[in-house]
Amino acid sequence: MKRKILIFVIYLFLLNMFIGKTLSQSFEDSLMMAKCEKWNVVYKNGMLRLSQPGSAWVFTMNLSKLDSGKLKQKRKDSAYVEFSGSGGFDQSKYMTIKKSRVYKLQMGTDENSTAALFVVTNESKEKRQTFLGKVMSKNHEEENEVLSSESTINGTIKRNNLATAWKFSLKNFGNGGLPFSIFSAPEGFLTSEKDSLFLERASFKADAVLVNAEGHHVGAVKFRKKPFTIWVQKDMENSLQDAVAVLFGVMIAKKSF
């Protein structure tokens, strides 16, 4: 009986903590919405078009692959051989495959632009059948299998008329090593000599919010499903506003990587 009461008390405590955190974050998000500009985003063929409701102004961002080629690394993790009762033979190997490519996302013209230069690294855990396994196997539909995959993005964002640049990193865009798809909270940061901003899970219709060192929400992005939307705080420096918008643009364009 005491054990059941203890479990119930712990459950109530954790539930209250979760509700309190959700309400606190919801309040922060409401304050942010009142201080932010909202941008609707249309993404097609490597171009993002940003527009505001009721305004004729349209801004564009253009995504391009740089001519560095795709870097590919393979590492054999383990191997196994299996015989089935029906006479089947399976000889496979487990591998980690890492692919990297360099991209550029630019907002504005060359004379007045803010651009992100970044490397996208896709790492997958795969089961690959060996040549002998292919010859001997009776189960050809399961020759190769992707067990998990994850993407990591690292780069810099720079305005062409400023000497300093922002560093950024993004991850948790894949299934995080799980054997099924799950929408985990994306992780990432945007930092410079003066500012440090971090991604957190959103409590409203956005998929992630950007939080400063004091814990205030300064931006948000809806990037997983259409319609794509960006919110950026109005009273930040113009250069930081552009850097935040470009960071969110990278997140929206991630399906092209």
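The values are calculated or read from the model by the stated rules, or taken from the named source; none is laboratory data. In this text the structure is predicted, and so the values were computed from the model without any measurement. Positions of Cβ are backbone-derived with ideal geometry, glycine not excepted, and every protein chain shown enters the neighbour counts.
For the range 90-146, give me the residue count where each residue is under 24 Å from D242 (Cβ atoms), at pLDDT below 80 and in contact with a helix residue (DSSP H, G or I) (Cβ under 9 Å, 6 or more places away or on another chain).
So the answer is 0.
For A253, state whether it is among the hydrophobic types (A, V, I, L, M, F, W, C), touching a Phe, Trp or Tyr at 6+ places or on another chain (Cβ under 7 Å) and under 21 Å from N122 (Cα atoms).
So A253 passes the test.
Whether any residue in the range 221-244 is in a helix (DSSP H, G or I) and within 16 Å of the chain's Cα centre (by Cα) is what I want to check.
From the range 221-244, those in a helix (DSSP H, G or I) are 238-244; that's our starting set.
When the remaining residues are screened for being within 16 Å of the chain's Cα centre (by Cα), the result is 244.
Yes.
Let me confirm something: among S239, S196, which residue is of a type in the set (S, T, Y) and either farther than 17 Å from T60 by Cα or at pLDDT below 90 (or both)?
Only one candidate qualifies: S196.
When you scan the range 187-225, how many residues do you find that are in contact with a Gly (Cβ under 8 Å, 6 or more places away or on another chain) and free of Cβ contacts under 8 Å to residues at least 12 places away in the same chain?
Final tally of qualifying residues: 0.
I need the full set of residues from the range 141-172 which are of a type in the set (D, E, K, R) and assigned to a strand (DSSP E or B), in order please.
Selection gives E145, E150, K158, R159, K167, K171.
Of all the residues that make up the range 201-257, how many are basic (K, R) and farther than 20 Å from N45 by Cα?
Of the residues in the range 201-257, 3 are basic (K, R) and farther than 20 Å from N45 by Cα.
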